[in-house]
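Peer 1: A single structure is presented below for examination.
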Amino acid sequence: MFDPHAIARQLAGAGLTVDQVDAITDAVRQAAEHDAATVATRSDLSALEARLYRAMLMQTAVTVGLLGLVLGGLRWLG
């Protein structure tokens with residue numbers, strides 16, 4: 001969990017100025033908020049996996065169908 005006060009105390013204890021501490025904690029807070037908004041959930045990943053699986057099945061079916069048409073056409077011609 002993001003605790004800006006703990007970070008500020010740690011940075012101040014290391015000798016940083018108040019302005020430096022404020023700038024760093026603000027940057028870390030912004031990064032933490034951004035990352036939390038863009039993290040995929042297990043549900044998101046499961047839905048993506050299902051979509052990819054269906055797309056692969058469809059691609060395989062189309063490929064097999066086209067291969068059958070080509071082979072059938074070659075037999076018809078030859």
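Peer 1: Largest first, how would Asp19, Asp44 line up by accessible area (1.4 Å probe)?
Peer 2: Asp19, Asp44
Peer 1: Could you do me a favour and compute the accessible area per residue for the chain, 1.4 Å probe, result in Å²?
Peer 2: Solvent-accessible surface per residue comes out at 87 Å².
Peer 1: On the accessible surface of the stretch 21-77, probed at 1.4 Å, how many percent belong to carbon and sulfur atoms?
Peer 2: Carbon and sulfur atoms account for 67 percent of the accessible area of the stretch 21-77.
Peer 1: So what's the angle, to the nearest 10 degrees on a 0 to 90 scale, between helix 42-77 and the longest Cα principal axis of the chain?
Peer 2: 20
Peer 1: For n ≥ 4 DSSP H runs only, could you compute -39500 (n - 2.57) per run for the chain, divide by its residues and tell me the 222 nm figure to the nearest 500?
Peer 2: So the helix-based figure for the chain works out to -30000 deg cm²/dmol.
The values are calculated or read from the model by the stated rules, or taken from the named source; none is laboratory data. None of the values given here were measured: they were computed from a predicted structure. Remember, those area values only see protein heavy atoms, side chains included, never the ligands or the DNA or RNA. Shrake-Rupley method; radii C 1.70, N 1.55, O 1.52, S 1.80 Å.
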